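Okay, structure first, notes after.
The values are calculated or read from the model by the stated rules, or taken from the named source; none is laboratory data. Here the structure is a predicted model, which means the values were calculated and not measured. Backbone-built Cβ (ideal geometry, glycine too); neighbour counts: all protein chains shown.
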Amino acid sequence: MSAQTWSPKPARPAPANTVGFVGWARENLFATKLDTALTLLCVTLIVYTLEVVFGWAIIDASFSGEDRKACLKQVQGACWPFIDAKLGQFIYGRYPEMERWRVDWVFAIGALGLVPLLMPKVGWKRANVIFMLGFYPLFCFFMLTGGVFGLTPVDTTDWGGLLVTLVVAITGIVGSLPLGILLALGRRSELPIVRALCVAFIEIFRGVPLITVLFMASVMLPLFLPDGVNFDKLVRCLIGVALFSSAYMAEVVRGGLQAIPKGQYEAAAALGLGYWKTTRLIILPQALKLVIPGIVNTFIGLFKDTTLVLIVGLFDLLGIVQLHFTDSSWATPETHITGYAFAAFVFWVFCFAMSRYSIFMENHLSTDRDKES
Amino acid sequence: MQMFRQIFLCFGLLVMATLTVSSTAHATGQTLELVQKRGHLKCGVSQGLPGFSTPDDRGSWTGIDVDFCKAMAAAIFNDASKVKFTPLSAKERFTAIQSGEVDIIARNTTWSMHRDTALGVDFPVINYYDGQGFMVRRDLGIKSALELDGATLCTNQGTTTELNAADYFRSNAMQYEIVAFEKADESVAAYNSGRCDAYTTDHSALYAQKLKLTDPKAHIVLPEVISKEPLGPLVRQGDSAWNDLVRWTHYASLTAEELGVTSKNLKKMSRSSNPAIRRLFGLDGSFGANLGLSKQWAVQIIGSVGNYGEIFERNLGVKTPLGIKRGANALWTQGGLQYAPPIR
Amino acid sequence: MRSWLNRDALLQAIVLLAVVAGMVWLVGNVQSNLERQNINSGFGFLSERAGFGINQTLIDYTEDDSFGRVVVVGLLNTLLVSVLGIFFATLLGFSLGVARLSRNWLISKIAMVYIEIFRNVPLLLQIMFWYFGVLRNLPSPRQALSIGEAMFVSNRGVVVPWLEAGAGAVWYGVAFAGVLAGGFWLRRRALKMKLNTGQASRVWRPLALLTLALFAVAALLAGVPFTLDVPYLKGFNFRGGLTVIPEFVALLLALSLYTAAFIAEIVRAGINAVDKGQREASAALGLPESLALRLVVIPQALRVIIPPLTSQYLNLTKNSSLAVAIAYPDIVSVLAGTTLSQVGQAVEIIFVTMMIYLSLSLLTSWAMNRYNQRMALVGNAS
């Protein structure tokens, strides 16, 4: 036997790092050749986008100035002084400057009432709901329109900006919820005529664009009323928006109603509860809780749709931003993009916050159910 | 069950019938009474056209059309501030007046036969004689509208200008492309950005919109007037007393200019022995009462907004940014078309 | 029991009566309002001369045509932007949805950022941003960006060369229809054969032959009736070629980008809804990931995806009505805009507009229900 010295095989390379940043990156960014290529492509894309956005919004932007002269540099980015100069208009519209504190109060009290309502851990929900649906709307109405308690009347044609956006969106949602619940109940009713009417209403309003409903409200509604009876254009649009979103709300609520197990109805019947008592005490509380995320999503849609009122001549946030583009003392090539970016950012903050809230509620509710089971 | 339904049906029909009857019964309310009872005049204006009706940041309106409504309010209430302005789009305006949302529309609206006869409105008077024209960029080097063959035009949707432009280009065998926007602001913005070669609308509005452009000096208004655009207030059809009131509000301010009565010399003129001035001031005759107003109605108008000449110069005249000459809107005595029937 | 029945019937009768009474009351109001003020009514205006120009027409249209034809022109414009919007939104949406689930962290996050930005900003704002913000900065026709001196991009839109069809072009249309029909027939035959015998039959080669043959016949019958129409600058603007107006571009861009964000979320939910075991099983069979996605996961996910996808398609169609804000001549713009203010008959015109959208949406719902039924049957059978 020839002497063979035993030599160990060369050690295998250490396994790829799977912990720490390097390991993470290897797994999630550079798993295959294709992945590596895609990652590099994405990095270039991100760098380019950031460069453009930052260059426009910060580096080349103007931040102070009194009129358009501030925004006429050779390489001009965003024209922020335009936003600064018009901010009051964007929030309040033409609401008289002396009276703007009233709007602030409405905003503040609304926020105070809304925040505890949205946090599932805080109690006093019933009292809070009664406050927000009972007292608060009246408060807003008197506060904003005035004419009582020594407040100067402010015409709705002077309202504008974020104020109108919020008024339309919130009235729309508050108005459409009860109507939507009724329609959903009607659609699941055993009475054929009621059901048919509800289905017709829902399908008609879901089948046409909001803009035609708004046209109808702003141009046609007065013709449907007896001569001499008429009301404010803002109110007409509010009615149109509420009717429109109630059809969508009805479908959301219907989803909740369908998710209630049959046993609940049977148990209620066994207790001798009638239809309304069953609905009010057993079915609706459970169904509505289930569809909170759906309701929030409908609200997001409605909030974005409020911009359409500018087409019928109300000045919501987008409408008032657009109106101020015509101010020749601010006419620069960048004014439009700056204004749109500002409006987009405001809408985005609201909508994104709400969509996060909806996801939060979804998780919260699903854990609730898990606990029960 | 069948019977139940029938009974209900009959009952329902009855209710409906009464409702319909009652709604038509109070339909013929007199506008003046309605306005007086309400305490203010509801006036439909444009969504912002400098010189005619435009709001400032605080929501106060100015312009020749705004002054017309203020004059009406002054005549009715002796208070030019008792008027509520409703901005209306070109599309909304006729329905707004038909439905009674506003009592009067003063919104640089052209009096045309179709509108007068088919839309249920009346045009009592013409307060501005206008005509359609074109605005183009100076650097195009164009001197006449007849050089516009192949041009793209920006204009406002649903106006007579859209139709006139079509007629003009056809009759001159020229090609064109039209981009019609819902709002005047949008068409101006599109023209400003170069979407169109020319912006077309009434001459007066061209001068007004020019102010909204980035560089007003880089644009010129072409000399051609391609249409007749008699602009005036409009009211609902079928109330001739209200019709009269609108008509004579304008004629009172015209007559005042003819007689040299201005908002500044009212006191002095009230002592005049000129019978025409005495009639205008309500010192002789019962012209105010016949309109359903006070004796002083014309004085109230002139005292608050001035005579037609003052209104014109304040809002449109050569000293304003618009810089429009009186032209066709001069008094007939000075070769214009503004002619008031006699107050007597 | 009996009394309950009566109570229900009574309740319904009351509701019905209230609704009917309300309707009659409204209609009565309208009639009396219109009559009293001497406003025209009826649909006679549809045959009157329209008299205004429209800057994008898919069928021949001049100012001499009637308002009825205006309705058709507007409807076709709405359909054009909707169909193309649906196409691009689906393409982008599916890619984003798949990207959102990619194992590559960066790609997934980029998709997420896109989705969160585009679906949380109002569509109208996006349309205006593209139109008034971005496209307005394009150069004028005289400084147009040109691609090979044949295609031009300017603030008047994109102008591309176009085939001008002559008299015999209809034969080519017939040939094309024949190819389509042949393709369908071949595919059905192949499917049948596969089910009966398990053998694949040829589809592509016979189809190619058929195409060649049919177009050859068409060429024999009609020659070449097409001329290439290359745009050129004359005076203010480009003449000839096909112009894609900026209003259309802005609207299409905004609609596609916005709807794609929603479709991406639907696709993601659909793919997530497919049982994880399915993926694992296909991996066990040795299918590469892309094939597994295409053959196993997406077909199953489609069942979950299709219903919400259809409602997104409907939303896109309805949202195309926002065209009115940027002067794209869709049905709302030309009918409820220009026609309404020329004719002044609000009731009839808004009614027609709503009816058109309603029938579009009912038609789609009907088709979707049919599709759902078919899917459900397949599910039961397996």
- Note on the structure: Among (1) small (Gly, Ala, Ser); (2) more than 14 Å from chain A (Cβ to nearest Cβ); (3) part of a loop (DSSP other than H, G, I, E, B), B:Ala74 falls short only on (3)
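Looking at C:Ala213, C:Ala175, C:Ala165, C:Ala190, which is the one that is in contact with a strand residue (DSSP E or B) (Cβ under 8 Å, 6 or more places away or on another chain) and either surrounded by 14 or more Cβ atoms within 10 Å (Cβ to Cβ) or touching a residue at least 60 places away in the same chain (Cβ under 8 Å) (or both)?
Working: C:Ala213 fails: in contact with a strand residue (DSSP E or B) (Cβ under 8 Å, 6 or more places away or on another chain); C:Ala175 fails: in contact with a strand residue (DSSP E or B) (Cβ under 8 Å, 6 or more places away or on another chain); C:Ala190 fails: in contact with a strand residue (DSSP E or B) (Cβ under 8 Å, 6 or more places away or on another chain).
Residue meeting the stated conditions: C:Ala165.
Test A:Gly134 against the criterion of being touching a residue at least 24 places away in the same chain (Cβ under 8 Å), closer than 26 Å to A:Asn297 by Cβ and small (Gly, Ala, Ser), and give yes or no.
Working: touching a residue at least 24 places away in the same chain (Cβ under 8 Å): no; closer than 26 Å to A:Asn297 by Cβ: yes; small (Gly, Ala, Ser): yes.
It is false that A:Gly134 is touching a residue at least 24 places away in the same chain (Cβ under 8 Å), closer than 26 Å to A:Asn297 by Cβ and small (Gly, Ala, Ser).
Give the residues of segment A:174-209 that are among the small types (Gly, Ala, Ser) and within 13 Å of another protein chain (Cβ to nearest Cβ), sorted by residue number.
A:Gly186, A:Ser189, A:Ala196, A:Ala200, A:Gly207
Could you grab me the full set of residues in segment B:105-115 that are farther than 19 Å from B:Thr62 by Cα and either crowded, with 24+ Cβ neighbours inside 10 Å or touching an Asp or Glu at 6+ places or on another chain (Cβ under 7 Å) (or both)? It would help to see each step written out before you state the result.
Just the residues of segment B:105-115 that are farther than 19 Å from B:Thr62 by Cα, to begin with: B:110-115.
Within segment B:105-115, just B:Thr110 meets the criteria.
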- Query: Looking at C:Arg279, is it more than 14 Å from chain B (Cβ to nearest Cβ) and touching a residue at least 12 places away in the same chain (Cβ under 8 Å)?
  - Reply: yes
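Can B:Val102 be described as farther than 26 Å from B:Leu206 by Cβ, within 14 Å of the chain's Cα centre (by Cα), crowded, with 22+ Cβ neighbours inside 10 Å and within 14 Å of chain A (Cβ to nearest Cβ)?
Numbers: farther than 26 Å from B:Leu206 by Cβ: yes; within 14 Å of the chain's Cα centre (by Cα): yes; crowded, with 22+ Cβ neighbours inside 10 Å: yes; within 14 Å of chain A (Cβ to nearest Cβ): yes.
When the stated conditions are applied, B:Val102 passes them.
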- Message: Yes or no: segment C:102-116 includes at least one residue that is free of Cβ contacts under 8 Å to residues at least 24 places away in the same chain and farther than 30 Å from A:Val296 by Cα.
- Response: yes
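Tell me whether segment B:8-22 contains one or more residues that are small (Gly, Ala, Ser) and modelled with pLDDT of 90 or more.
Step one: filter segment B:8-22 for residues small (Gly, Ala, Ser), giving B:12, B:17, B:22.
Adding the requirement that they be modelled with pLDDT of 90 or more leaves none.
Scanning segment B:8-22 turns up no residue that is small (Gly, Ala, Ser) and modelled with pLDDT of 90 or more.
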- C:Ser359 passes all but one of the listed conditions (1) modelled with pLDDT of 85 or more; (2) surrounded by 18 or more Cβ atoms within 10 Å (Cβ to Cβ); the exception is number (2)
- Message: Can you go through C:Leu207, C:Leu251 and tell me which one is assigned to a helix (DSSP H, G or I) and within 14 Å of chain B (Cβ to nearest Cβ)?
- Response: C:Leu251
- Single residue of A:Thr165, A:Thr212 found to be within 14 Å of chain B (Cβ to nearest Cβ), polar (S, T, N, Q), under 28 Å from C:Ile331 (Cβ atoms) and in a helix (DSSP H, G or I): A:Thr212
- Which ones in segment B:143-192 are crowded, with 21+ Cβ neighbours inside 10 Å and assigned to a loop (DSSP other than H, G, I, E, B)? B:Leu148, B:Gln157, B:Gly158, B:Thr159, B:Glu182, B:Lys183
- Message: If C:Phe238 meets every condition in (1) surrounded by 18 or more Cβ atoms within 10 Å (Cβ to Cβ); (2) of a type outside the set (Asp, Glu); (3) within 14 Å of chain A (Cβ to nearest Cβ) apart from one, which number is that one?
- Response: (3)
- Note on the structure: Log entry, pairs with first residue in segment C:23-46 being in a helix (DSSP H, G or I), second being surrounded by fewer than 16 Cβ atoms within 10 Å (Cβ to Cβ), beta carbons closer than 6 Å, six or more apart or on different chains, reads C:Leu34/C:Ser41; C:Leu46/C:Gly68
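Go through the residues of segment B:284-294 one by one and say whether even a single one is assigned to a loop (DSSP other than H, G, I, E, B), within 19 Å of the chain's Cα centre (by Cα), of a type in the set (Gly, Ala, Ser) and under 26 Å from B:Ile105 (Cβ atoms). Spell out the reasoning first.
Initial filter on segment B:284-294 (assigned to a loop (DSSP other than H, G, I, E, B)): B:284-286, B:292-294.
Checking which are within 19 Å of the chain's Cα centre (by Cα) leaves us with none.
The answer is no; no qualifying residue exists.
So for segment C:182-191 (the condition being of a type in the set (Phe, Trp, Tyr) and within 23 Å of C:Phe248 (Cβ to Cβ)), does at least one residue qualify?
Let us first name the residues in segment C:182-191 that are of a type in the set (Phe, Trp, Tyr), namely C:184-185.
If we keep only those that are within 23 Å of C:Phe248 (Cβ to Cβ) too, we end up with none.
Within segment C:182-191, not a single residue is of a type in the set (Phe, Trp, Tyr) and within 23 Å of C:Phe248 (Cβ to Cβ).
Tally time: how many residues in segment B:149-178 are closer than 14 Å to C:Asn237 by Cα and facing chain C (nearest Cβ under 8 Å)? Even if it seems obvious, please write down each step before you answer.
Step one: filter segment B:149-178 for residues closer than 14 Å to C:Asn237 by Cα, giving B:149-153, B:174-178.
Those left that are additionally facing chain C (nearest Cβ under 8 Å): B:149-152, B:176-178.
Counting residues in segment B:149-178 that are closer than 14 Å to C:Asn237 by Cα and facing chain C (nearest Cβ under 8 Å) gives 7.
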- Task: Identify, by number, the condition in (1) charged (D, E, K, R); (2) under 24 Å from the mean Cα position of the chain (by Cα); (3) surrounded by 15 or more Cβ atoms within 10 Å (Cβ to Cβ) that C:Asp60 doesn't meet.
- Result: (3)
- Specify which of the listed residues (A:Pro209, A:Pro192, A:Pro137, A:Pro120) is exposed (fewer than 15 other Cβ atoms within 10 Å of the Cβ), of a type outside the set (Ser, Thr, Tyr) and in contact with a Leu (Cβ under 9 Å, 6 or more places away or on another chain). A:Pro120
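Can you tell me which residue among C:Val153, C:Val121 is in contact with a strand residue (DSSP E or B) (Cβ under 9 Å, 6 or more places away or on another chain), of a type in the set (A, V, I, L, M, F, W, C), within 14 Å of another protein chain (Cβ to nearest Cβ) and outside any helix (DSSP H, G or I)?
Exactly one of C:Val153, C:Val121 is in contact with a strand residue (DSSP E or B) (Cβ under 9 Å, 6 or more places away or on another chain), of a type in the set (A, V, I, L, M, F, W, C), within 14 Å of another protein chain (Cβ to nearest Cβ) and outside any helix (DSSP H, G or I), namely C:Val153.
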- Selection over segment B:317-344 where residues are under 18 Å from the mean Cα position of the chain (by Cα) and not in a loop (DSSP other than H, G, I, E, B) yields a count of 3
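So that you can scan it fast, the table gives a plain yes or no per residue for (1) on the phi < 0 side of the Ramachandran plot; (2) buried (at least 22 other Cβ atoms within 10 Å of the Cβ); (3) part of a strand (DSSP E or B); (4) more than 14 Å from every other protein chain (Cβ to nearest Cβ):
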{"residue": "C:Thr78", "(1), (2), (3), (4)": "yes, yes, no, no"}
{"residue": "C:Phe88", "(1), (2), (3), (4)": "yes, no, no, yes"}
{"residue": "C:Leu92", "(1), (2), (3), (4)": "yes, no, no, yes"}
{"residue": "C:Gly97", "(1), (2), (3), (4)": "yes, yes, no, yes"}
{"residue": "C:Met112", "(1), (2), (3), (4)": "yes, no, no, no"}
{"residue": "C:Ile117", "(1), (2), (3), (4)": "yes, no, no, no"}
{"residue": "C:Leu125", "(1), (2), (3), (4)": "yes, yes, no, no"}
{"residue": "C:Met128", "(1), (2), (3), (4)": "yes, yes, no, no"}
- C:Pro139 passes all but one of (1) away from chain B (no Cβ under 14 Å); (2) in a loop (DSSP other than H, G, I, E, B); (3) of a type outside the set (Val, Ile, Thr); which number fails? (1)
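Quick one: in segment C:130-149, which of the residues that are under 19 Å from A:Phe325 (Cβ atoms) and not aliphatic (A, V, I, L, M) is surrounded by the fewest Cβ atoms within 10 Å (Cβ to Cβ)?
The initial filter retains those residues of segment C:130-149 that are under 19 Å from A:Phe325 (Cβ atoms), namely C:130-138.
If we keep only those that are not aliphatic (A, V, I, L, M) as well, we get C:130-133, C:136-137.
Values: C:Trp130: 21, C:Tyr131: 27, C:Phe132: 23, C:Gly133: 22, C:Arg136: 20, C:Asn137: 13.
This residue is C:Asn137.
Looking only at segment C:210-235, count how many residues are small (Gly, Ala, Ser) and within 12 Å of another protein chain (Cβ to nearest Cβ). Show your work before the answer.
Narrowing segment C:210-235 to residues small (Gly, Ala, Ser): C:213, C:216, C:218-219, C:222-223, C:235.
Retained after the next criterion (residues that are within 12 Å of another protein chain (Cβ to nearest Cβ)): C:235.
The total comes to 1.
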- Restricting to helices (runs of 4 or more DSSP H) lying wholly in segment C:263-355: which have 1 or more residues that are within 18 Å of the chain's Cα centre (by Cα)? C:298-319
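Can you pull out the helices (runs of 4 or more DSSP H) entirely within segment A:233-332 that have at least 2 residues that are within 10 Å of another protein chain (Cβ to nearest Cβ)?
Numbers: elements: A:233-259, A:262-270, A:284-290, A:292-305, A:317-324.
Where helices (runs of 4 or more DSSP H) fall fully within segment A:233-332 and carry at least 2 residues being within 10 Å of another protein chain (Cβ to nearest Cβ), they are A:233-259, A:292-305, A:317-324.
With the structure loaded, tell me whether C:Ile326 is more than 9 Å from chain B (Cβ to nearest Cβ) and of a type in the set (Val, Ile, Thr) or whether it fails that test. Reasoning before the result, please.
Numbers: more than 9 Å from chain B (Cβ to nearest Cβ): no; of a type in the set (Val, Ile, Thr): yes.
Answer is no for this residue.
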